[in-house]
Amino acid sequence: MKKLLSLFYLTVSLLMSVQAKGIVGKWYCTNAYLDSLGLAYYYGDLDGYCKFDNDGMFTVRISGEMVSRRSSEASAVGALKAPKWMRYKSKYQTLLIKVKGTYRFDGSTITTVVDTADVHVYINTGLEYPEDPDAGASRAEFYWKNTERNLFDKAERHAAIQAQMIRREKMGLWTWNNLPVTLGNGVMQVGDLMRFTRKKERGFGMGEGSEVAGPHRYSTKEVYASSRSALKILDDIGSSEKDRAWAVKILEKTVEKDSSAYWMFHLGVAYVFDNSVKRDTAKAVMLLRKAGQTGYGKAYKVLGDMYKDGKGGVCQDVSKAYYYYSLGADVHDKNCMYYKGYMLTKGIGCRQSYSDAVLAFLPAANWPDAESLYMLGVFLRNGYGVAKDSLLAVNSLQRAARMHCPEASEELMRPHEETYMHDVYANAPGYSYIPDSLPDVRPSAVAVDLPAGDYRGFIATYDWSGKYILDERPFAMTLNGVTGGGLSGTLTVGDESAKFCGTLSGGRLVFTEGGLTMPDRYVRGGKQYYYFGDMALEACGGKVRGRLSLKSRSRKEPGNPMYFELVGNASGASAGTE
């Protein structure tokens, strides 16, 4: 019996060994596989292979290089014969990924097992921490070396983020669970997206790598030349429709030959926003999603903008917009980080959370990003999601202002923070009628609760969390009466009045016409026009209370939450009085 079992296991082992022979050896990573790391436009010389051994072990090795700093001799500084402490040689940042694991191949499917401890990512920025200046050094040398230290710290921080991202988010590139394998003509296809070749794909060098997203240096020379010409035509506003149509066709051919996220991104944008070709939203979304999946964050930014504003052939869907901004933030696109934080701040398409917004703004601010620095300054000044800190707030706003953020300059000129009046409204006896936080409203008013006439009271504006009172103003509503569910009249907020029309159903007045110009601290000029959205109405004790929702015409997003209380003429009382 033991001999039979031994013979059986030996036969199975031999069979597996024979089956595995088809993939044993070194397979070079294709451009598409390297794209999936999301680092191709950082390291233009990415190269790698996957090696399968007879004993069931496999390894993945990927390397890349980029110029992190050009020599001073090649710059204007060198041309001016800079002092010794300002001279430096070219610096190269290198990437090395080593992965070890086991595999099982049955002739048609493959399964690999990789422990996270066996994924090693080494990133050397190539920079050196500058030495301290001598005691008699000039102010210029002190300033220069302090700048060098900041550059070193930023590069090290960015490298650490990249390494963590690879270890945490890219396990799917080397951990395969029963994926189908197709072999033939020196090509191995694993699943739908991963492809390897026996011969190394050689590309055309396209200049030094940089942090500016661009076409990969391993694109072929022919692809690069024609596609680059096509992009120049598309970027030229004055180019003819015939030339633009030709450029789009070139990009289509390019994407067929080269799966680079860069080309997919530009073709997707052309399908949506170029008037010279027939709009194809479905193809555009597909291409942009594929580009985003390879780590090209700009693609997620475009998708987020499309759904946030309802443009490019898609309907407005703020939940999808938040989803795509979040994906872009995950691959460290600073614009997506900002918009993710922005939507979390206001609760657009997601649950409102100042603390989560801070976590989104922080990495973008470290790039640095002016808008994210501005928002952090506002948060620090008001205590939104963080402890109040006036000094840090001013520092953050000043940095944003120096980067030409006009909103930051306006915020610095304001003597008080946004929540300055909250304690007054919440504690002064004269304002005791205003709820300290945004109250819940149950829409229940019907036509009989809203007879024609004048209603007067107050309206309070709250911050996005509903915890702080920002503003209180007189509020009046004149109703012409309800006819068949239709309602019209005039709303007056402070000194601004506007006529409105709408329909009343389920205790909610949905406006079809009307709007007002309202203060807005977060836009240039401090105010913008809002459409009337809807009004949740609840009749209680002779009063009508509720919430007024406004929608920005320019930004296509809601305004701050507003709560009101009104009393009609017949009651002989005024809302907000005791």
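The values are calculated or read from the model by the stated rules, or taken from the named source; none is laboratory data. Keep in mind that what you see is a predicted model, and the values were worked out from it rather than measured. Every residue, glycine as well, gets a Cβ built from its backbone with ideal geometry; the counts of neighbours run over all protein chains shown. Just so you know, the surface numbers come from the protein's heavy atoms only, side chains and all, with ligands and any DNA or RNA stripped out. Shrake-Rupley method; radii C 1.70, N 1.55, O 1.52, S 1.80 Å.
The table that follows gives values for the structure above.
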| item | result |
| --- | --- |
| Test: residue in the range 413-425 that is surrounded by fewer than 14 Cβ atoms within 10 Å (Cβ to Cβ) and closer than 23 Å to residue 338 by Cβ | yes |
| The range 392-410, residues that are open to solvent by less than 80 Å² (accessible area, probe 1.4 Å) and either more than 16 Å from residue 369 (Cβ to Cβ) or among the basic types (Lys, Arg) (or both) | 393, 394, 409, 410 |
| Near pairs, Cβ below 8 angstrom, 6+ apart or cross-chain, from the range 412-433 (assigned to a loop (DSSP other than H, G, I, E, B)) to any residue that is at pLDDT 90 or above and among the basic types (Lys, Arg) | 417/381; 418/381 |
| Spans of helices (runs of 4 or more DSSP H) in the range 228-303 with at least 3 residues within 23 Å of residue 325 (Cα to Cα) | 261-273, 281-293 |
| Tally, over the range 496-506, of residues that are outside any strand (DSSP E or B) and either at pLDDT 90 or above or closer than 10 Å to residue 534 by Cα (or both) | 0 |
| Count of residues meeting criterion [surrounded by 14 or more Cβ atoms within 10 Å (Cβ to Cβ), among the acidic types (Asp, Glu) and modelled with pLDDT of 90 or more] in the range 437-460 | 1 |
| Given (1) under 32 Å from the mean Cα position of the chain (by Cα); (2) at pLDDT below 90; (3) open to solvent by less than 70 Å² (accessible area, probe 1.4 Å); (4) of a type outside the set (Phe, Trp, Tyr), number of the condition residue 553 does not satisfy | (3) |
| Residue 120 vs. criteria open to solvent by 30 Å² or more (accessible area, probe 1.4 Å) and either touching a Cys at 6+ places or on another chain (Cβ under 7 Å) or at pLDDT below 85 (or both) | no |
| Residue in the range 470-479 that is open to solvent by less than 20 Å² (accessible area, probe 1.4 Å) and either in contact with a helix residue (DSSP H, G or I) (Cβ under 9 Å, 6 or more places away or on another chain) or acidic (Asp, Glu) (or both) present | no |
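Yes/no per residue for (1) at pLDDT below 85; (2) open to solvent by less than 40 Å² (accessible area, probe 1.4 Å); (3) over 25 Å from the mean Cα position of the chain (by Cα):
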{"site": "231", "(1), (2), (3)": "yes, yes, no"}
{"site": "245", "(1), (2), (3)": "no, yes, yes"}
{"site": "252", "(1), (2), (3)": "no, no, yes"}
{"site": "261", "(1), (2), (3)": "yes, yes, no"}
{"site": "271", "(1), (2), (3)": "no, yes, no"}
{"site": "274", "(1), (2), (3)": "yes, yes, no"}
